Amino acid sequence: VGAGEARRERNRRPRHKVLETGGGPNQRAGMKSMIRKAAVRRKGGAKGGTRARSIENGVMKEADSLSGTRLKNSAAIHSAEMIAAAHASSFSAALSNELGLRDSAAGDILTTATVTMEDLAAGWTIRNIKLNVVAKLSRVTQGKFIDAIIRAKTSCLISRVLRANITMNARLEK
């Protein structure tokens, strides 16, 4: 098998994870599910620059914004990855706003959104989103951080629009 044939074969493989499940409290036996992930690191305050650190398939590494201006191949980005990236970005902005951070604030907020989709009778449906937040903010107290996290979860634009179960882990580092 030549290099060209191997490359073509690799490109024919599905680019997303589809899992067969054995069933659970909310799943039918043999139901397919899909998990997509994106992480966004926000530096500075509410008006600071957002940079997409990574989207699972690697198409949007270190993009200046999620506007699509730097996409190499936008058709290769799965819509669930875009939702994960938008949710991570929106939540980071909401948290930054709730904390009252200035653009020049030291530290950063890293939010990873993991989207779980299931293949239901109506088609692929986002069922769960898990936000994992790690904030490195030396001047923020634990109490202020917890209060801001709770407010950000309800003020985040993307959290409010989604009909999915949203869970979150958050950690403040000094």
### Summary
Stretched fully, the stretch from residue 142 through residue 79 gains (0.36 nm per residue minus C-alpha distance, one decimal, in nm) 19.2 nm
#### Entry: Given 32/174; 43/144; 32/136, the pairs whose alpha carbons are separated by over 29 Å
32/174; 32/136
### Message
Below 8 Å, C-alpha to C-alpha, sequence gap of six or more: please give me the relative contact order for the stretch 104-154 in percent.
### Response
36
### Query
Which FRET efficiency, nearest 0.05, do residue 31 and residue 161 yield, Cβ-Cβ r, R0 30 Å?
0.75
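Each value in this text was obtained by applying a stated rule to the coordinates, not by laboratory testing. No experiment lies behind these values; they were computed from the predicted model shown. Here Cβ is always computed from backbone atoms with ideal geometry, including for glycine, and neighbour counts include all displayed protein chains.
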